[in-house]
1. Rounded to whole Hz and in sequence order, give me ³J(HN,Hα) for region 137-154 from the Karplus expression 6.51 cos²θ - 1.76 cosθ + 1.60, θ = phi - 60°, writing x for Gly and Pro.
2. Can you give me the convex hull volume of the Cα atoms of region 98-211, divided per residue and expressed in Å³?
3. Got the relative contact order for the chain handy, in percent, Cα pairs under 8 Å and 6 or more residues apart?
4. What distance in nm separates the simple spin-label points at residue 179 and residue 48, each placed 7 Å from Cα in the Cβ direction?
5. Any idea of the accessible area per residue across region 87-211, 1.4 Å probe, to the nearest Å²?
6. Taking amide hydrogens as modeled 1.01 Å from N in the peptide plane, which residues meet the under 5 Å criterion relative to residue 195, leaving out close sequence neighbours?
7. How big is the antiparallel share of DSSP beta bridges in the chain, given as a percent to the nearest 5?
8. Distance between Cα centroids, region 144-211 to region 96-126: provide it in whole Å.
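The values are calculated or read from the model by the stated rules, or taken from the named source; none is laboratory data. Just so we're clear, the structure is a prediction, and the values are computed from it rather than from any experiment. Positions of Cβ are backbone-derived with ideal geometry, glycine not excepted, and every protein chain shown enters the neighbour counts. The area values use the complete protein model at the heavy-atom level, side chains included, leaving out ligands, DNA and RNA. Shrake-Rupley method; radii C 1.70, N 1.55, O 1.52, S 1.80 Å.
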Amino acid sequence: MATLQVFPNNPYQENTYILFDDSGECAIIDPGMYTSGEQNAVVNFIRDNNLKPILLLNTHCHIDHVLGNKFVFDQYGLKPQFHEGEMIVLEAAPVSAQRTGLRYELSPLPDTFLPETGTISFGNTVLDLIFAPGHSPAHLCFYSKADGIVVGGDVLFRGSIGRTDLPGGNHNQLLTNIQEKLFTLPDDTVVYPGHGPETTIGFEKATNPFF
């Protein structure tokens, strides 16, 4: 049984997730830690729960989701894993930081990229990869079928969807991917988005104004 802990981080209130199970191993997903207080909260949680970080995963590489990549690498020696199609976004991060006035320490580059489909695992947890571009060029969601949860990044929000006006965004592509890849998951699947509160697939199918 996997458990998810959320930390809203940085000026964009981006949700950084720690996903862990009874093996004591954990994955850090979309580390957006910016201030020393935000960094300490994550490190302390990992230490206090005797967790061992095994994976650093990025759903996509917009600046608010990778601000903590270098910190996680320095702390735990983990390089990020994401789809290769996000490299163009990561390479633009220094420019994004400059434009928004954020301090950004360069993210380490992946040793391995994630494919569009397949699984990634740690401890007793298996995550299915769901390829859902539209908000960004090669966005992935991480779905634990056994736990009924999906870490969805900036694809689907409670009552909303990811913005599509950034470089590499595509509104129609995003809507299609949500309908074909997320709305086909069980209705009681809990969606943990990149910003804001969690929701469920069933609730969004019934109420999301974009559909």
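1. Going residue by residue, I get x, 9, 5, 10, 10, 10, 10, 9, 4, 4, 9, x, 10, 9, 8, x, x, 9 Hz, with x marking Gly and Pro.
2. Values: hull volume 15.3 nm³, N = 114.
Convex hull of Cα atoms, per residue: 134 Å³.
3. 16
4. 4.5
5. It amounts to 48 Å² per residue over region 87-211.
6. Excluding prolines and chain starts, which carry no amide H, the hits are 15.
7. Values: 27 of 39 bridges.
Close to 70 percent.
8. Cα centroid to Cα centroid, the span is 20 Å.
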